[in-house]
Amino acid sequence: MKHWQLEASGEHLVATLDVVGSSANMLSHEVLQELDELLAELEQRSASGLIIRSGKPGGFIVGADVREFGQVHDAPQAAELARAGQRVFNRLAALPVPTVALIHGYCLGGGLELALACRFRVARDDDSTRLGLPEVRLGIHPGFAGTVRLPPLIGALPALDLMLSGRTLGSRQAQKLGLVDEAVPERHLLDAARAHVAKRRRRKAPWLRRLPGWWPLRAFVYRRVLRQLQKKVNADHYPAPYRILQLRKMRANQEQEAISLGELLVSRTSRNLVHVFLLGEELKRRGRTHAHDIERVHVIGAGAMGGDIATWAAYKGFSVSLQDQTAELVARALKRAHAFFQKRLKEPRAVQQAMDRLMPDVSGNGVRRADLIIEAIVEDVGIKQAVFRNIEQQAPASAVLASNTSSIPLEELAGTLRDPSRLVGLHFFNPVAKMQLVEVVHGLQSAPAALERACAYAVAIDKLPLRVKSSPGFLVNRILMPYLMEAMTMVEEGVAISAIDRAATDFGMPMGPIELADTVGLDICLSVARELAGPLGVAVPDKLSAMVEQGQLGKKSGRGFYRYDAKGRARRDTRVRPNDIPITERLVLRVLNEAMACLREGVVQDADAIDAGMVYGTGFAPYLGGPMRYVESMGETGISHSLYRLSEEYGERFTPDAGWSQADLLVRASSI
């Protein structure tokens, strides 16, 4: 066989999956077909048991091959693909001998469904092992009988939680829940699997966990979970969670699961979420093409952003030194880091190891040993230039110099350096721990080798590196600022802030523009807007300037456009007064027009890069696939006409960009 190898180990057999030509195991049609042939052979052989494992060092199976989803044209075809997978896994579950899935690394989606079809599951006990059913993030639900097999194993409510959230579990969490039978160190894995081959009885969830699935309680549980779901998820945008809940309410069988999956897989939401997922995978792939050779990172600036950048790097295993003007500022950042490590790592030893990797360095001695130096200080050109002049005199010749500037062109910073080719931009987004995107900014002077190392480093810390040209605002802030300024302009016009934010969230944004501005900080918004005012003509509302002068900076000061309580919760006026202002149209068209300008000017490589940047950098309505994907679905001509109409009513800021006249050429010059 091409992907599967079968060998004898004593009285039992070991089947190893090692997908050819791929760094990770994925369940393609070909892989499943081979597994079916292998199982047919096993039915004719005598053995005491079967162990299924991965030949990839990085993990077990990451799920189905998502690239094949694009080959599915209609719901019946998609449902038949689900049935085909179900038949293979049912054949595995029906083997007369004990079967054990030997799990390490990622065991996700279809990979976990394969493990559920085995009688037992043994997982490697380490931080890298993660199990889950994240299909909901692609707009679908498990389709290889996962919705049927999981609830009896771990209980109705835990199963719903895993499927609705798409979250993953570590090996110890999975063992506690009953998802795996045993979590053991690497050296004991095979022995533990052999021990389970000798067992016969399959584990079931304790009766208390099975109780919510009992038919008299099922309707009550359904209503309760439905109410919680409706508070978080728009059913029109993301139908998959509601389908999962409906399947569990009716205790659906495998056929009903397959039909439901077939309908979801060809929906607009799923097509667009798959598009977004593949964009992220492509950014990772490009970042992995070169090695970074970075071990020591020095961060200058221990404020909210710099401290979080340093904390994340230490969390991901890098040795980090953190510098600022005073020991108090650095100590404050270390305190935040300790709280973060405790929340994420939990075990005292792991927390201490992470803290040992994060070193206070007020005097800046770490510069002399660093492979990467990241500047994350105030957005002031003069101050940044002075910092880089000082850095260059001390840093090793091989070190990459990076700025976390959010809007200043790199050429302005590089002018003071003897070797400006070392300077790149590494623009992180707040909060660093949650936002996946990092803009890797290339100036006219940036050396390709420095950019490649920066991209590879971003992937190494589990971020998505997006290459952007050095220009005012780069990509994300350039598109985001007109959107935020338009919202504030409407506030000046007397539109209720609750109506503005509601319009944005109803469209699909994760939060409204007014709340977003308060969260980012109105002082930061003002600084970036002023930076873009000259080169891009972004108008800064008078109200924003006045609020910053009065110390109303948003959530961090307790008052911005909203007032905030001691816990940082906004006091909202939930009444949405009727008005005839086209709020959604004004907000969204400012985004689309600026996105087209970025595409025309070559700020990024193609339309897909804009989609990736705005979805992963701002959360732009993922179910729409990104701004340019939305443009494609709506039609460039109609959007251009809408912009022209708004420009006549609201001013020249809505004048259609010149790129709309060549949109057919620009939008589809894509990499995915």
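The values are calculated or read from the model by the stated rules, or taken from the named source; none is laboratory data. Computed from a predicted structure; not experimentally measured. Note: ideal-geometry Cβ built from the backbone for every residue, glycine included; neighbour counts use all protein chains shown.
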_I'd like to know if segment 118-125 contains one or more residues that are out of contact with any Ser or Thr (no Cβ under 6 Å at 6 or more places or on another chain) and free of Cβ contacts under 8 Å to residues at least 60 places away in the same chain._
no
*How many residues does segment 284-309 contain that are at pLDDT 95 or above, under 13 Å from TYR457 (Cα atoms) and hydrophobic (A, V, I, L, M, F, W, C)?*
3
*Looking only at segment 421-439, count how many residues are within 13 Å of LEU401 (Cβ to Cβ) and buried (at least 21 other Cβ atoms within 10 Å of the Cβ).*
5
*Hey, any hits in segment 143-166 for a residue that's β-branched (Val, Ile, Thr), assigned to a helix (DSSP H, G or I) and more than 21 Å from LYS204 (Cα to Cα)?*
no
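Look at segment 167-185 and say how many of its residues are among the β-branched types (Val, Ile, Thr) and outside any loop (DSSP other than H, G, I, E, B).
Here the count works out to 2.
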*Inspect segment 326-348 for any residue being over 30 Å from the mean Cα position of the chain (by Cα) and not hydrophobic (A, V, I, L, M, F, W, C) and give the result as yes or no.*
yes
*Check whether at least one residue in segment 343-354 is touching a residue at least 12 places away in the same chain (Cβ under 8 Å) and crowded, with 20+ Cβ neighbours inside 10 Å, and report yes or no.*
yes
*When both residues are 6+ apart or on different chains and their Cβ atoms are under 6 Å apart, which pairs have a first residue that lies in segment 70-86 and is assigned to a helix (DSSP H, G or I), and a second that is modelled with pLDDT under 95?*
ALA78/VAL72
*Can you tell me which residues in segment 546-563 are assigned to a loop (DSSP other than H, G, I, E, B) and either touching a Lys or Arg at 6+ places or on another chain (Cβ under 6 Å) or under 20 Å from VAL495 (Cα atoms) (or both)?*
GLN552, GLY560, PHE561, TYR562
*Among residues of segment 597-637, those that are more than 16 Å from GLY280 (Cα to Cα) and outside any helix (DSSP H, G or I), counted*: 3
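Sort out which residues of segment 205-238 are of a type in the set (Ser, Thr, Tyr) and modelled with pLDDT of 90 or more, and write them in order of number.
Applying the first criterion (of a type in the set (Ser, Thr, Tyr)) to segment 205-238 yields 222, 238.
Residue satisfying the conditions is TYR238 alone.
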_Contacts under 7 angstrom Cβ, first residue in segment 42-67 being touching a residue at least 40 places away in the same chain (Cβ under 8 Å) and surrounded by fewer than 18 Cβ atoms within 10 Å (Cβ to Cβ), partner polar (S, T, N, Q) and not in a strand (DSSP E or B), 6 or more apart_ = GLY58/SER23
*asked:* Checking the conditions here, which among ASP542, ASP580, ASP573, ASP565 is under 19 Å from ALA499 (Cα atoms), surrounded by fewer than 20 Cβ atoms within 10 Å (Cβ to Cβ), out of contact with any Ser or Thr (no Cβ under 7 Å at 6 or more places or on another chain) and not aromatic (Phe, Trp, Tyr)?
replied: ASP580
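Suppose we filter segment 20-41 for residues that are among the acidic types (Asp, Glu) and in contact (Cβ under 8 Å) with a residue 60 or more places away in the chain; how many remain? Outline the logic, then answer.
Residues of segment 20-41 that are among the acidic types (Asp, Glu), as a first pass: 30, 34, 36-37, 41.
Cutting the leftovers down to in contact (Cβ under 8 Å) with a residue 60 or more places away in the chain gives us none.
Number satisfying all stated conditions: 0.
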*Does segment 265-273 include one or more residues that are surrounded by fewer than 20 Cβ atoms within 10 Å (Cβ to Cβ), among the polar types (S, T, N, Q) and either under 22 Å from ILE154 (Cα atoms) or modelled with pLDDT under 95 (or both)?*
no
*Inspect all residues belonging to segment 44-55 and state whether any of them is assigned by TED's automatic domain parsing to the domain that holds ASN253 and out of contact with any strand residue (DSSP E or B) (no Cβ under 9 Å at 6 or more places or on another chain).*
yes
*Qualifying helices (runs of 4 or more DSSP H) (wholly inside segment 240-303; at least 3 residues being outside the structural domain of LEU217 (by TED's automatic domain parsing), in contact (Cβ under 8 Å) with a residue 24 or more places away in the chain and not hydrophobic (A, V, I, L, M, F, W, C))*: 268-287
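Tell me, which residue of segment 621-650 that is of a type in the set (Val, Ile, Thr) and within 21 Å of LEU475 (Cβ to Cβ) is surrounded by the most Cβ atoms within 10 Å (Cβ to Cβ)? Talk me through it step by step, then tell me what you get.
Initially, segment 621-650 is screened for residues of a type in the set (Val, Ile, Thr), giving 631, 637, 639.
Those still in the list that are within 21 Å of LEU475 (Cβ to Cβ) too: 631, 639.
Working: VAL631: 25, ILE639: 20.
Looking at residues that are of a type in the set (Val, Ile, Thr) and within 21 Å of LEU475 (Cβ to Cβ), I get VAL631.
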*How many of the residues making up segment 239-252 are modelled with pLDDT under 95 and either within 22 Å of the chain's Cα centre (by Cα) or not small (Gly, Ala, Ser) (or both)?*
7
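Does segment 57-68 contain at least one residue that is assigned to a helix (DSSP H, G or I) and either out of contact with any Ser or Thr (no Cβ under 8 Å at 6 or more places or on another chain) or at pLDDT 95 or above (or both)?
Step one: filter segment 57-68 for residues assigned to a helix (DSSP H, G or I), giving 66-68.
Retained after the next criterion (residues that are either out of contact with any Ser or Thr (no Cβ under 8 Å at 6 or more places or on another chain) or at pLDDT 95 or above (or both)): 66-67.
Looking for residues that are assigned to a helix (DSSP H, G or I) and either out of contact with any Ser or Thr (no Cβ under 8 Å at 6 or more places or on another chain) or at pLDDT 95 or above (or both), one finds at least one in segment 57-68, hence yes.
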*Only one of (1) modelled with pLDDT of 95 or more; (2) assigned to a helix (DSSP H, G or I) is not met by HIS188, so which one is it?*
(1)
*When the residues of segment 366-383 are filtered to those that are at pLDDT below 95 and touching an Asp or Glu at 6+ places or on another chain (Cβ under 8 Å), which remaining residue is surrounded by the fewest Cβ atoms within 10 Å (Cβ to Cβ)?*
VAL381
*asked:* Which pairs turn up if I take residues in segment 404-428 that are more than 28 Å from LEU480 (Cα to Cα) and look for partners that are among the acidic types (Asp, Glu) with beta carbon separation below 9 Å, at least 6 apart in sequence or on another chain?
replied: THR416/GLU392; LEU417/GLU392; ARG418/GLU392; ASP419/GLU392; PRO420/GLU411; ARG422/GLU392
*Filter segment 131-189 for residues that are among the acidic types (Asp, Glu) and over 13 Å from GLY109 (Cβ atoms); which is surrounded by the most Cβ atoms within 10 Å (Cβ to Cβ)?*
ASP181
*Specify the residue that is farthest from ARG344 (Cα to Cα); the eligible residues are those in segment 104-142 that are β-branched (Val, Ile, Thr) and in a loop (DSSP other than H, G, I, E, B).*
ILE140
